[in-house]
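The values are calculated or read from the model by the stated rules, or taken from the named source; none is laboratory data. Quantities reported herein were computed from a predicted structural model and do not represent experimental measurements. As a convention, Cβ positions derive from the backbone with ideal geometry for all residues, glycine included, and neighbour counts pool all protein chains shown.
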Amino acid sequence: MARSVDSVLGFCRCYAFPVLVFSYVLFILAGGAVFMVLEQPEEDLLVSEVRGLRAGFLQDHPCVEESSLDELVRTVLSAGRRGVSEEEDQDQEYNFDFTSSLFFVTTFLTTTGYGTTIPLSDEGRVFCMLYCLVGIPLTLLLLSCLTHALLPRVTHAPIRHLQLYCGLSHNRAALLYCGVLAVCTATLFFLLPAAALSLLERDWSFLESLYYCFISLSTIGLGDYLPGRTQSQAVRQGLEFATSCYLVLGLIVLLVVAESFWQLQQVQDLVRLFVGPRVSELMGVGLDELTRDSGAQISPMEPRYTLPISTISHPIPAASSPVEGTFTLGKPRMASYEKAVSATVHPEPPIDPPDQND
């Protein structure tokens with residue numbers, strides 16, 4: 001029975017990555033099929049409604065030529081896709097005043113890109129490309145630095161406190177903290193902003209507001225919903241500035257949450273299942289954190305290393321509680337150990353004693 005279980009586990013480990021790729025392809029195909037089933041009837045109804053309105057307009061206004069109407073509709077739709085409104089009461093509302101330009105810069109630097117406001121001139125397109133070549137890597141560098149600077153304070157310190165004051169193991173403390181962190185993030189950056197948007201935008205339901213928050217922070221940025229489009233210019237500019245701050249702050253928080261979950265032991269075990277144990281065998285572990293277990297018979301050529309019980313626990317002084325058979329391989333001791341192993345494997349030839357007759 002044990003051999004059969006081991007054989008099944010070995011088979012799963014060998015073919016885990018191809019199964020993952022095949023499952024992902026099936027996942028994409030299933031998503032396309034589901035969207036086709038859900039959205040195609042709604043699209044057919046909308047097309048029928050537009051064609052009916054077009055036919056009714058031409059019937060009520062026989063003086064209007066069909067080609068002229070189609071040209072007008074195409075021009076209006078093209079201007080709308082570029083963020084230009086055709087309504088007379090919005091002539092004084094510009095998409096590239098200073099506040100709107102800041103909002104536009106924030107959206108493409110964070111790779112959200114709603115697509116409702118785009119450069120209209122060739123000079124603007126060239127500047128956008130050059131600005132992105134510098135701005136997007138700089139933004140990613142800033143987000144990465146902020147994430148790594150916040151992790152010790154936001155993630156590692158609370159987990160350490162849970163270990164010390166609640167007596168939990170590192171794995172359980174990390175799981176508990178990540179669960180609380182996920183709930184707080186969902187509340188503060190999805191549920192509460194969605195509730196606020198549903199109150200500010202009367203045409204939006206709570207589901208539509210939550211959909212906008214998710215599409216924005218996930219950097220998908222479809223652009224089908226944007227706050228402030230039906231408000232006055234002052235309200236629209238205020239909402240655009242608030243959205244810019246929301247995007248930057250939300251991305252930082254989501255990166256911290258993702259990095260916290262990535263460090264969970266269960267997630268690392270799942271990754272090792274698909275990529276193999278050797279790929280991430282000593283990732284993130286320095287030589288100063290390695291110990292050599294000498295309890296078993298180990299060949300000098302193949303020293304076995306194990307991690308300490310807890311990488312965040314305080315070191316125990318050697319004088320008060322010596323540990324037999326275990327020693328830390330720091331950098332100076334590592335060189336001494338390698339020299340001793342080399343001398344054991346390749347001993348120097350013995351020196352003959354001097355002849356007494358000489």
*Report yes if some residue within the stretch 176-189 is surrounded by 13 or more Cβ atoms within 10 Å (Cβ to Cβ), under 17 Å from Val267 (Cα atoms) and in contact with a Cys (Cβ under 9 Å, 6 or more places away or on another chain); otherwise report no.*
yes
_What's the number of the only condition in (1) part of a loop (DSSP other than H, G, I, E, B); (2) modelled with pLDDT of 80 or more that Leu270 fails to meet?_
(1)
*For Glu123: the one exception among (1) part of a helix (DSSP H, G or I); (2) at positive phi*: (2)
*Answer with yes or no whether Arg125 is modelled with pLDDT of 85 or more and of a type in the set (Lys, Arg).*
yes
*Look through the stretch 119-137, keep the residues that are of a type in the set (A, V, I, L, M, F, W, C) and out of contact with any helix residue (DSSP H, G or I) (no Cβ under 8 Å at 6 or more places or on another chain), and return whichever of them is farthest from Val257 (Cα to Cα).*
Leu120
_On the basis of being within 22 Å of the chain's Cα centre (by Cα), in the same structural domain as Ile252 (by TED's automatic domain parsing), modelled with pLDDT of 90 or more and closer than 30 Å to Gln266 by Cα, does Leu140 make the cut?_
yes
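Taking into account only those residues within the stretch 220-235 that are more than 15 Å from Thr106 (Cβ to Cβ) and under 29 Å from the mean Cα position of the chain (by Cα), which is surrounded by the most Cβ atoms within 10 Å (Cβ to Cβ)? Spell out how you get there, then give the answer.
Initially, the stretch 220-235 is screened for residues more than 15 Å from Thr106 (Cβ to Cβ), giving 220, 222, 224-225, 229-235.
Narrowing the set further to residues that are under 29 Å from the mean Cα position of the chain (by Cα) leaves 220, 222, 224-225.
Details: Ile220: 13, Leu222: 14, Asp224: 12, Tyr225: 19.
Looking at residues that are more than 15 Å from Thr106 (Cβ to Cβ) and under 29 Å from the mean Cα position of the chain (by Cα), I get Tyr225.
Taking into account only those residues within the stretch 160-169 that are free of Cβ contacts under 8 Å to residues at least 60 places away in the same chain and either β-branched (Val, Ile, Thr) or in a helix (DSSP H, G or I) (or both), which is surrounded by the most Cβ atoms within 10 Å (Cβ to Cβ)?
The initial filter retains those residues of the stretch 160-169 that are free of Cβ contacts under 8 Å to residues at least 60 places away in the same chain, namely 161-162, 164-169.
Going one step further and asking which of them are either β-branched (Val, Ile, Thr) or in a helix (DSSP H, G or I) (or both), we end up with 161-162, 164-166.
Numbers: His161: 12, Leu162: 19, Leu164: 13, Tyr165: 8, Cys166: 10.
The residue in question is Leu162.
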*Taking Cys63 and the conditions (1) assigned to a helix (DSSP H, G or I); (2) at pLDDT 85 or above, which numbered condition does it fall short on, given that it satisfies the others?*
(1)
*Regarding Val154, is this residue surrounded by 15 or more Cβ atoms within 10 Å (Cβ to Cβ) and of a type in the set (Val, Ile, Thr)?*
yes
*Can you tell me which of Leu192, Leu109 is modelled with pLDDT of 85 or more and surrounded by 13 or more Cβ atoms within 10 Å (Cβ to Cβ)?*
Leu109
